[in-house]
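Only one structure is covered here, and it is reproduced in the block below.
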There are 2 protein chains.
Amino acid sequence: MNVAQHIQDLSCEAKQAANIMANLSSAVKNDLLCRMADALESDATHLQHENEKDLNAARANGLAPAMIDRLVLNDDRIKAMADGLREVASLPDPVGEVTGMWKRPNGIQVGRMRIPLGVIGIIFESRPNVTADAAALCLKSGAVILRGGSEAIHSNSAIGTILKAQLTALGLPSGALQVITTTDRNAVSELLKRDEEIDLIIPRGGESLIRFVSENSRIPVIKHYKGVCHTFVDADADADMASKICLNAKVQRPGVCNAMETLLVHKDIAETFIPRIAHEMEQNKVEIRGCSVTCSLAPSAKTATDADWDEEYLDLILAVRVVDNLDQAIEHIRQHTSLHTEVIVTNSYANSQKFVRSVNSSVIMVNASSRFSDGGELGLGAEIGISTTKLHSFGPMGLEDLTTRKFIVFGDGQVRP
Amino acid sequence: MNVAQHIQDLSCEAKQAANIMANLSSAVKNDLLCRMADALESDATHLQHENEKDLNAARANGLAPAMIDRLVLNDDRIKAMADGLREVASLPDPVGEVTGMWKRPNGIQVGRMRIPLGVIGIIFESRPNVTADAAALCLKSGAVILRGGSEAIHSNSAIGTILKAQLTALGLPSGALQVITTTDRNAVSELLKRDEEIDLIIPRGGESLIRFVSENSRIPVIKHYKGVCHTFVDADADADMASKICLNAKVQRPGVCNAMETLLVHKDIAETFIPRIAHEMEQNKVEIRGCSVTCSLAPSAKTATDADWDEEYLDLILAVRVVDNLDQAIEHIRQHTSLHTEVIVTNSYANSQKFVRSVNSSVIMVNASSRFSDGGELGLGAEIGISTTKLHSFGPMGLEDLTTRKFIVFGDGQVRP
């Protein structure tokens, strides 16, 4: 197979299909997603059979147990995929929404109407559920091309086949959902050249995947690099609240990108707060890597190196630094931020305002755990990813972020003088 | 000079400056822009002296008179640049605006606040006024790196120096405005690699420049390719209105991207409308290239070739096709669109709605001239360009399009269960 031609063909097919999907009523799109959900559940046995092929290959290749676990499609996970599709069906349809309309002095009325971005390309690793989750969001607003990892090829392909059959059953273009099943390594490079057909690329996976994609793509890329999330405990923070927020942010689920990685503590509260939080973290098996002041206040802490301030541990490890004031905290964050999520715990109105205004990461919180930095928790419904690049979308991306706006103009014969 | 190092240095300087610019009050930014305007006018003699160097080189190199004319900085053009800066100063500041705020069941309040995109890189050709126009918009929302054409190097450099002096005079970081003055051809390639510092690249110029930039950039690019604008005259259009709109769209200023290039006429009105519009166009020295039906109704028309339907003439030439119905008009537009601007002239409510809903170019108009497709005319104030790519911005881009939105969250101690 000529992989360049293959990718071109499926990209063109997706673009044509996207034009049709763009003009469907919400009712038809929602019906489609619900049928897809039902089909995943009723074809669970077949799906698990195909999934077993990936699991066998993974075991034969000696993949780590954690990696193998991420591949598994058990009944619960299939139900979760189906529920995800139904949830997207239940979300309000952003397509067609007019966001503001105004009149010009010459009488023309000008507005902006949401339309689908078009064709979204998603390049991801491991978890086969991404195939269904991403398809749901993208099909509600256009078309999608999915390229999963080779380790999940049978599972992804089976999910794709089941979902595409529902498009066909409703007389909709099955080209709106493309699952790339060739294992040719050039498929991704070829995909990244199709800027005539694909409107956006979203890579989901490790840093090397994201770097490869962003360095080789002619299509705009929305990146989600990593989450080095900071929590700053201000001088007049409520210590109980601060401790509760810090523990939640660090230990509730340490392996995800919205977990706290660095704790900054105001020097005026450090003497009481550091020993307390160090003790509580210790009870939760968290290793502390502190600055010299932190280490003097929490003898069990290890000494942090420069590298610790940029580390996304994704583990029960926490970097802790005592700062002189809010400005130093903000400066520390500015230097080490991954633009994901930063939290201030404070009772100072002025400091909360200053923090919210002057820290320009994608999510800024006052007196809440960084673990809320998630499309669902923030109220977007399902989430296609968390953008740490600023163009188009910044932070958790929901359905609305897969649209753009065209101008609409209503006149009654106006011409330009 | 090591050009890679030079570009890296100025990009880093711009990024640092952008952090400071992001937190300035609107009053300070507006004061800065007004001072810049005054300085351009008071330094006009020096500016024209530098401009003369470019003009001399252009004449020595045998540049076409039209190209030389675009380079000239006479008193009127300097005043227009200054007025442009003052106009941007008068626009509402989008930075800090909160677009919606909602409460989640757990009590956290979530909103989205506009922040500057950051550092914008603009690569442009010819007209030195772009230096001032683009600087105004970008400085009101961050920092900017400008790389103009070598033919305007002395003019661009002089404008940059005058504007930077005003940043310094107000104690603001002069790094917020970078004018690349090296003529090293690698400067652009190096700039396109600085994705750590630059948030967006906007190329303004010919198709080859735009293609080079989009194929070589690691930074997101907002492209403005060309404008093949269509006007569809529906069966029950008011013929007087249709003729007025078509003439305005074609002849009022044929050399710009929002001029009409293709006229589509419903077959039911063709017999009367084609002879009329052909006659009127002829009186305005417009050459018509028509489909066979058009040619039979307007004997002076030339026969259009396939290439005519994709041509951006930027001249007194018009392609004309008779179509069977609205669907055929929409299909023609879909195949030949440059995603710029499409117009329908109709009195049918249903057809106007269908056209607006189903044609997804960046500006869709009913009963108005395509010449209104412009940031100023649509009410955005000044315009940084017209995007024909859908990500982030689609259509004319104003100040708001140089911002992005961060999430802000106000809690009172919430943690995730």
| field | Subset of the stretch B:73-100 that is polar (S, T, N, Q) and within 28 Å of B:Thr404 (Cβ to Cβ) - its residue that is most open to solvent (accessible area, probe 1.4 Å) | value | B:Ser90
| Counted residues, the stretch B:327-366 - those being within 11 Å of chain A (Cβ to nearest Cβ), in a loop (DSSP other than H, G, I, E, B) and more than 20 Å from A:Thr403 (Cβ to Cβ) | 1
| request: Report, by residue number, each residue of the stretch A:397-417 that is more than 7 Å from chain B (Cβ to nearest Cβ) and in contact (Cβ under 8 Å) with a residue 12 or more places away in the chain. | output: A:Met397, A:Gly398, A:Leu399, A:Glu400, A:Asp401, A:Leu402, A:Thr403
| Any chance B:Leu47 is touching a residue at least 60 places away in the same chain (Cβ under 8 Å) and either among the hydrophobic types (A, V, I, L, M, F, W, C) or open to solvent by 70 Å² or more (accessible area, probe 1.4 Å) (or both) | yes
| request: Could you list all residues from the stretch A:261-272 that are farther than 20 Å from A:Asp327 by Cα and either touching a Lys or Arg at 6+ places or on another chain (Cβ under 8 Å) or part of a loop (DSSP other than H, G, I, E, B) (or both)? | output: none
| message | Is it the case, given these coordinates, that A:Ile333 is under 29 Å from A:Thr389 (Cβ atoms) and among the aliphatic types (A, V, I, L, M)? | response | yes
| task | Please enumerate the residues belonging to the stretch A:204-215 that are open to solvent by 70 Å² or more (accessible area, probe 1.4 Å) and modelled with pLDDT of 90 or more. | result | A:Phe212
| query | Among the residues of the stretch A:310-318, is any part of a helix (DSSP H, G or I) and under 19 Å from A:Glu207 (Cβ atoms)? | reply | yes
| query | Which condition does A:Glu311 not pass, out of (1) more than 23 Å from A:Val359 (Cβ to Cβ); (2) open to solvent by 10 Å² or more (accessible area, probe 1.4 Å); (3) touching a strand residue (DSSP E or B) at 6+ places or on another chain (Cβ under 8 Å), if it passes all the others? | reply | (1)
| request: Quick one: count up the residues across the stretch B:259-277 that are touching a helix residue (DSSP H, G or I) at 6+ places or on another chain (Cβ under 9 Å) and open to solvent by 10 Å² or more (accessible area, probe 1.4 Å). | output: 7
| Would you pick out the residues in the stretch A:182-196 that are surrounded by 20 or more Cβ atoms within 10 Å (Cβ to Cβ) and over 22 Å from A:Thr161 (Cβ atoms)? | A:Leu192, A:Arg194
| field | Top-ranked residue in the stretch B:13-33 [being assigned to a helix (DSSP H, G or I) and open to solvent by 50 Å² or more (accessible area, probe 1.4 Å); ranked as farthest from the other protein chains (Cβ to nearest Cβ)] | value | B:Asp31
| said: Can you list the strands (runs of 3 or more DSSP E) lying wholly within the stretch B:83-202 that have 1 or more residues being at positive phi? | reply: B:98-103, B:118-124, B:142-147
| request: Scan the stretch B:57-68 residue by residue and report those that are free of Cβ contacts under 8 Å to residues at least 12 places away in the same chain and either of a type in the set (Lys, Arg) or open to solvent by less than 80 Å² (accessible area, probe 1.4 Å) (or both). | output: B:Arg59, B:Gly62, B:Ala64, B:Ala66
| message | For the stretch B:119-134, check the following and say yes or no: at least one residue is of a type outside the set (Gly, Ala, Ser) and within 9 Å of another protein chain (Cβ to nearest Cβ). | response | no
| field | Test for B:Gly395: is it open to solvent by 20 Å² or more (accessible area, probe 1.4 Å), within 13 Å of the chain's Cα centre (by Cα) and not β-branched (Val, Ile, Thr) | value | no
| said: Let me confirm something: among B:Gly107, B:Gly100, B:Gly148, which residue is within 14 Å of chain A (Cβ to nearest Cβ) and modelled with pLDDT under 95? | reply: B:Gly100
| message | I'd like to know if the stretch B:158-181 contains one or more residues that are under 25 Å from A:Thr388 (Cβ atoms), buried (at least 21 other Cβ atoms within 10 Å of the Cβ) and within 14 Å of chain A (Cβ to nearest Cβ). | response | no
| task | Consider B:Val359 carefully, then state whether it is open to solvent by less than 10 Å² (accessible area, probe 1.4 Å), among the hydrophobic types (A, V, I, L, M, F, W, C) and closer than 17 Å to B:Glu312 by Cβ. | result | no
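One line per residue, one yes/no per condition, for (1) among the hydroxyl-bearing types (Ser, Thr, Tyr); (2) within 11 Å of chain B (Cβ to nearest Cβ):
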site: A:Ala235; (1), (2): no, no
site: A:Ala239; (1), (2): no, no
site: A:Ala242; (1), (2): no, yes
site: A:Ile245; (1), (2): no, yes
site: A:Gln252; (1), (2): no, yes
site: A:Thr272; (1), (2): yes, no
site: A:Ile277; (1), (2): no, no
| field | Members of the stretch A:110-142 that are of a type in the set (S, T, N, Q) and buried (at least 23 other Cβ atoms within 10 Å of the Cβ) | value | A:Thr131, A:Ser141
| request: Give the residues of the stretch B:217-241 that are over 23 Å from B:Val130 (Cα atoms) and either part of a loop (DSSP other than H, G, I, E, B) or open to solvent by 20 Å² or more (accessible area, probe 1.4 Å) (or both), sorted by residue number. | output: B:Arg218, B:Val228, B:Asp234, B:Ala235, B:Asp236, B:Ala237, B:Asp238, B:Ala239, B:Asp240, B:Met241
| Restricting attention to the stretch A:367-385, which residues are facing chain B (nearest Cβ under 10 Å), in contact with a Gly (Cβ under 7 Å, 6 or more places away or on another chain) and among the hydrophobic types (A, V, I, L, M, F, W, C)? | A:Ala368, A:Leu380
| message | For the stretch A:367-389, give me the residue count where each residue is assigned to a strand (DSSP E or B) and within 13 Å of the chain's Cα centre (by Cα). | response | 3
| query | Which residue out of A:Ser157, A:Ser141 is in contact (Cβ under 8 Å) with a residue 40 or more places away in the chain and within 19 Å of the chain's Cα centre (by Cα)? | reply | A:Ser141
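The values are calculated or read from the model by the stated rules, or taken from the named source; none is laboratory data. For clarity, every value in this text was computed on a predicted model and none was experimentally measured. Reconstructed Cβ throughout: ideal geometry from the backbone, glycine too, with neighbour counts over all protein chains shown. With ligands, DNA and RNA removed, areas are computed over all heavy atoms of the protein, side chains included. Shrake-Rupley method; radii C 1.70, N 1.55, O 1.52, S 1.80 Å.
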